[in-house]
Amino acid sequence: MSKVVITPPGRLSLPHWQELWGAREVFLRFGQRDVLLRYRQTAVGVTWVILQPLVAAGIFSIIFGRIAGLSTDGVPYFLFSYISMLGWNLFSGVLNRAAPSLVANQALVSKVFFPRILVPASTILSVILDFVVALVLGVVLLVAFRVNPGIAALALPFWVLCTLCLSLGLGLAASAIMVRYRDVAYVLPWLVQIGLYATPVAYSLEAVPEQYRIFFDLNPMSWLLTGIRWSLLGTAPPPVWQLAGAVIVSAGALFAGLLVFQRFERSFADVI
Amino acid sequence: MAIRAAGLSKSYRIAHRAAPVTRVTEAVAQRLRHPFRRGDYEDFTALSDVSFEIPWGEAVGIVGRNGAGKSTLLKLLTRITAPTAGRIELSGRMGSLLEVGTGFHPELTGRENIFLNGALLGMRRNEIRRRFDEIVDFSGVERFLDTPVKRYSSGMYVRLAFSVAAHLDTELLAIDEVLAVGDAEFQRKSLAKMRDVANDGRTVLYVSHQMQTVESLCTSAIFLQHGTLQLQGGVSDVIERYRGSYEEYAARETQARKGLSDDVPRILEVVPTSQTFSVDDDKLVDIRIGPTDDFIGTYFVSAHLTDANGNVVGQCDSRLVGRYLDADREQRLRLSIRHLWMKPGRYSIDVFVCASGILDSWEGSATFDILPSLPYPELTSPEATGHGAVLLDFDYEVHA
């Protein structure tokens, strides 16, 4: 029989991995709940997942491609922005769903014990599902536009993993901070919106004037999107320093997010 | 030993400001203005230095007045919140029935909720699968398993939620007054279930205000007062001590009231017009509240009627009858409670003076007794009135 010892928590601690593994069922059930709830009682169901990036890509094609005439490294504009939106939605989806998750589940947090980190963490399941569905359509588009990325496609899981780590790290921290400071709920969507335009989603890095280039080079999401486009569209690969940077920054963000979460976790039930 | 707690304390920080800081901007502004101040905090100790040991196979009742620390203790044992000091050793998994139905999602079906809720309560997937039929049987909702629970009646909802929780196979089980749910038949089933758990050699912790249930269910009990453990022992000893503490408390409170300042409207006197009422009398209580110059505007009054076991029978909030009172002069009120058949026994009155928050409160401000004669036309055995919190003015009409 397992013996459980409960003592006052330390100031900085990492999650209890064994406990997390024991509660994996909660993780899966939360993910399942999110997916079920989103498509139950909606008229067109899963179509929303495809419709959203399609329409966004269509609008971007008109505004940035036709009106502004921004450069896309020679890829058809529609395809370019659709693939970029896939990557961006992966990032913003995790962040937007993880951040409010604890506050939304406050009844649970204050009444039942389970590793709380599973609440924000489980949001990645529904986002990954959305990504996979949209990716299938993306592949259809690649075939239709006769674009073949070649061997680079094998690197796609790597970029996806990095994006997930980065956004989950930020999402964990945001969800924990939101328990105490509710204004995170207003600031975050606004920052994500700004991020969409500040990151080369709807245009390629080539279109950025030289004097602003440094800001774009410092944005990890711009490295990851360059990587995703390389893997799916066969555009120029990101430089090696960005590859190393992506690994370091996303692992670092996840680690920092865990620490922040743990730091706030001990007082959740008292504050919520 | 199943549970061993040593030197357990829990304190909460209470901010001494009108409103707590809930915005980042405010927090930053405050930090900039007073970079070195640690903030106006006061520690509120909910539980201090509690130690006990509970052997296997015991059903332990945890009793005490409101605010004695019962729920805090249970929250610590179930790990919902972390202790400030001390150490708990649990020799097994702890399942909790802190509030039945938390984790149920209205849009999900009964089946989906069983799996979600089971997982949350700490059951493994195989465990839930194995006990699925039993859970459904016990709840009696098999026909509606694939209907979203938002379409359930509240009775069905509670029954399903309780059955999931009742089929937890944890070695330790913590319960916070959930047996008060459902109809009589379901309550009986639930009590039997709890007894089985204890008879299996597992350990049950039961927090309750209902002394009858504690008496019938528990094999030993713990009495908490002001966050400290006063007595651990046999059920009848602990209950006697608990009832005694009620009267002690009222006497001490009356004494303490005399020294209070008058910066808020103070409840000065709460006097029932009679020490005893009949079951079907209107119950009248006179309340006197002192004037204050420091509080501007109007306030309202809320009185709670509490029975000898600590159950709140009813609440009389003056807002419901449109009474708001000026703070600048003394107020004499008469509370009349009409059309309620209260069960014979002793009742106490808790009075609260509130505006945007509670300005003054006086728990156990007065007591009165309801005489044992019943207003029913016939006399019969006591079990005819044994159930329920109040007596009802009812009749049966027989149609030919």
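Derivation of every value follows stated rules applied to the coordinates shown; laboratory data play no part. Quick caveat: nothing in here was measured; it's all calculated off a predicted structure. Heads up, the Cβs are rebuilt from the backbone with ideal geometry, glycines too, and the neighbour counts pull from every protein chain shown.
Here are the numbers for the structure shown:
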{"item": "Nitroxide proxy distance, nm - points 7 Å out along Cα→Cβ at B:I358 and A:V132", "result": "5.2"}
{"item": "Cα centre as origin, Lys/Arg/Asp/Glu Cβ charges: the protein assembly as shown dipole, Debye", "result": "2380"}
{"item": "Dipole of the protein assembly as shown, positive direction: furthest Cα of A:N96, A:V119, A:G227, with charges on the beta-carbon", "result": "A:G227"}
{"item": "Tail fraction, Cα-Cα pairs, the protein assembly as shown, threshold 42 Å, whole percent", "result": "42"}
{"item": "Principal axis dimensions, the stretch B:264-370 - Cα atoms, whole angstrom, descending", "result": "42, 22, 22"}
{"item": "Rounded D (µm²/s) - chain A, Kirkwood Rh over Cα pairs, Stokes-Einstein at 20 °C, 1.002 mPa s", "result": "108"}
{"item": "DSSP beta bridges in the protein assembly as shown [antiparallel fraction, %, rounded to 5]", "result": "75"}
{"item": "Residues B:T273 and B:R124, FRET efficiency given R0 of 56 Å [Cβ-Cβ distance, rounded to 0.05]", "result": "0.40"}
{"item": "³J(HN,Hα) computed for each position of the stretch A:181-196 - Karplus, 6.51 cos²θ - 1.76 cosθ + 1.60, integer Hz, glycine/proline x", "result": "10, 6, 5, 4, 4, 8, 6, 4, x, 5, 4, 5, 4, 4, x, 4"}
{"item": "Percent of Cα-Cα distances greater than 26 Å, calculated over chain B", "result": "65"}
{"item": "Karplus-derived HN-Hα couplings along the stretch B:322-329 (A = 6.51, B = -1.76, C = 1.60, θ = phi - 60°), whole Hz, x at Gly and Pro", "result": "x, 9, 10, 10, 6, 7, 7, 9"}
{"item": "Full-extension gain in nm, B:H339 to B:Y324, via 0.36 nm per residue minus C-alpha separation", "result": "3.0 nm"}
{"item": "Footprinting exposure proxy for B:H339, B:H167, B:H304 (fewest neighbouring C-beta atoms within 10 Å first)", "result": "B:H339, B:H304, B:H167"}
{"item": "Taking B:Y242, A:Y212 and counting other C-beta atoms within 10 Å, the order from fewest to most", "result": "A:Y212, B:Y242"}
{"item": "Per-residue [θ]222 nm for the protein assembly as shown (sum of -39500 (n - 2.57) over DSSP H runs n ≥ 4, rounded to 500)", "result": "-13500 deg cm²/dmol"}
{"item": "Chain B: relative contact order as a whole-number percent, Cα under 8 Å and 6+ apart", "result": "15"}
{"item": "Length added when fully stretched, B:L191-B:E248, from 0.36 nm per residue minus Cα-Cα", "result": "17.3 nm"}
{"item": "Label-point separation, A:V143 to B:S373 (7 Å along Cα→Cβ), nm", "result": "9.2"}
{"item": "Amide H contacts of B:I175 (H built 1.01 Å from N, under 5 Å, at least 5 apart or other chain)", "result": "B:L97, B:L205, B:Y206, B:V207"}
{"item": "Amide H within-cut-off set for B:R13, under 5 Å, with H built and near neighbours excluded", "result": "B:F44"}
{"item": "Percent RCO, i.e. relative contact order, over chain A, from Cα pairs under 8 Å lying at least 6 residues apart", "result": "30"}
{"item": "Gyration tensor (Cα) of the stretch A:162-207, equivalent ellipsoid semi-axes in angstrom", "result": "25, 14, 5"}
{"item": "Computed over the stretch B:264-370: relative contact order in percent, which uses C-alpha pairs under 8 Å that are six or more apart", "result": "36"}
{"item": "Among the listed pairs A:K3/B:K75; A:K111/B:K283; B:K10/B:K343; A:K3/A:K111, those beyond 28 Å (Cα-Cα)", "result": "A:K111/B:K283; B:K10/B:K343"}
{"item": "Unit charges at the beta carbon, dipole of chain B: most positive-side option, B:H399, B:P83, B:F300", "result": "B:P83"}
{"item": "Hull-based mean projected area of the stretch A:1-108, where the convex hull spans the alpha carbons, in square nanometres", "result": "12.0"}
{"item": "Rough spin-label spacing in nm, given labels placed 7 Å along Cα→Cβ, for A:I63 and B:H387", "result": "6.5"}
{"item": "Debye log10 I(q)/I(0) for the stretch B:337-400, one point scatterer per Cα, at q = 0.17, 0.20 Å⁻¹", "result": "-0.78, -0.93"}
{"item": "Derived scalar couplings ³J(HN,Hα) [the stretch B:393-399; Karplus, 6.51 cos²θ - 1.76 cosθ + 1.60; whole Hz; x for Gly, Pro]", "result": "8, 10, 7, 10, 9, 9, 9"}
